[in-house]
Amino acid sequence: MYFWISLSSVVVCLIFVLTINNIGEYSFRNRPSWLAKLRGRAPCNHASTPALRCARCSGSEGALRGGVTSSVSDDLQLENMYLLLNRSPEQEQAAEELVNQLHNPNSPVYHQWLTSDKAANRFGPSEEDVNIVSAWLESHGFTVHNVYPANGVIDFSGPASAIREAFHTEIYNLSVNGKPHIANASDPSVPATLAPAIHGVVSMNDFRPHPALKPRFAYTLTVDGAVYQALVPGDLETTRWGSSG
C-alpha cells in the first residue's frame, strides 16, 4: 500500500503561508507530535489515498502519457524540492479563522499580520516531527537545506535514485511542445509511519509557472462595422507632447 500525495492540497497550504507572513528563522517550542501517536503500533509498509499526480498541476499529465522519451540518469540532481508537513485539525481551524479575521475590517486584529516567529509558534510543526522526517530524508541520501517552520516546509535536494528509493516514483525525460522537461511519472509515496506528519511534496519536475497574458501588438478594433484606433501609453505621450519629428 502507498500514501499518494496530492499537490493541489499542498499548494493551497503554501498559499496560506504567504497570507500569514514571510518565512523566517524560528526556535521550535514544544508541541504535540503526529508521529509520537504511532509509537508502539506495528508498522506497515506504506499507506495510500487517492491523489493527483505531482506533474498534473503543472500541465504535464498529457506529456507523461505520450511524451516520455526515457528515464533520467540516477545521478541527476533535483534541487529545492519542498516537503510540507501537516498541521493538526485544531491548527488548521485556528489558521482559517485567523485569515478571515485578518481580512475583516470589523475584526480587532484586522491587518495585524503575524511575524514569522509568531506564525511558527501558532501553526508550525513539532520539532520532533521535523527531526524525524528530516532524518528519514537524509537516510535516503537527500540533503536537507532549510526548515521553514512558519509554514512547515522542509527544503531538500537529492538525486533521482533517492527519489525512486524513498518516494517510489521514477523521474522521466519528457518532450512537451517540442521542449525537454523532466517530471515524476507516478504519485510519490511515503511510509505509513510517516504519513500522519506529511502533507505532500512538490517540485519533482522542472515545469515552472508562466504568464498566461499574451502581448497584443495590433490595437485597431472593429466594433459593429466601425473602426477604432485604440491608444496605448506611448500614443498618449505622443499626443500630449507631440512628436519630435
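Listing for the model above:
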| read-out | value |
| --- | --- |
| Filter result for Ala183 (under 16 Å from the mean Cα position of the chain (by Cα), buried (at least 23 other Cβ atoms within 10 Å of the Cβ), small (Gly, Ala, Ser) and under 16 Å from Asn86 (Cβ atoms)) | no |
| Residues of region 191-235 that turn out to be over 20 Å from Ile163 (Cα atoms) and either in contact with a His (Cβ under 9 Å, 6 or more places away or on another chain) or not in a loop (DSSP other than H, G, I, E, B) (or both), as a count | 11 |
| Members of region 119-133 found to be in a helix (DSSP H, G or I) and farther than 15 Å from Thr193 by Cβ, listed by number | Ala119, Ala120, Asn121, Arg122, Phe123, Glu127, Val130 |
| Residues that are small (Gly, Ala, Ser), at pLDDT 90 or above and over 16 Å from Trp136 (Cβ atoms), drawn from region 162-193 | Ala183 |
| Residue within region 158-165 that is among the β-branched types (Val, Ile, Thr), in contact (Cβ under 8 Å) with a residue 40 or more places away in the chain and more than 16 Å from Ala197 (Cα to Cα) present | yes |
| Scan of region 61-96 for residues that are part of a helix (DSSP H, G or I) and modelled with pLDDT of 95 or more, ordered by number | none |
| Count - residues of region 91-106 that are closer than 20 Å to Val153 by Cβ and either buried (at least 18 other Cβ atoms within 10 Å of the Cβ) or of a type in the set (Asp, Glu) (or both) | 4 |
| In region 134-148, residue nearest to Ala162 (Cα to Cα) [restricted to those that are of a type outside the set (Phe, Trp, Tyr) and assigned to a strand (DSSP E or B)] | Thr143 |
| Test: residue in region 161-172 that is of a type in the set (Ser, Thr, Tyr), within 23 Å of Ser88 (Cβ to Cβ) and part of a loop (DSSP other than H, G, I, E, B) | no |
| Enumeration of residues in region 215-245 that are modelled with pLDDT of 75 or more and loosely packed, with under 10 Cβ neighbours inside 10 Å | Thr220, Thr222, Val223, Asp224, Gly225, Ala226, Val227, Gln229 |
| Conditions (1) of a type outside the set (Gly, Ala, Ser); (2) at pLDDT 90 or above; (3) closer than 18 Å to His181 by Cβ; number of the one not met by Cys54 | (2) |
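The values are calculated or read from the model by the stated rules, or taken from the named source; none is laboratory data. Quick caveat, the model's predicted, so the values are computed rather than measured. Cβ atoms come from the backbone with ideal geometry, glycine included; neighbour counts cover every protein chain shown.
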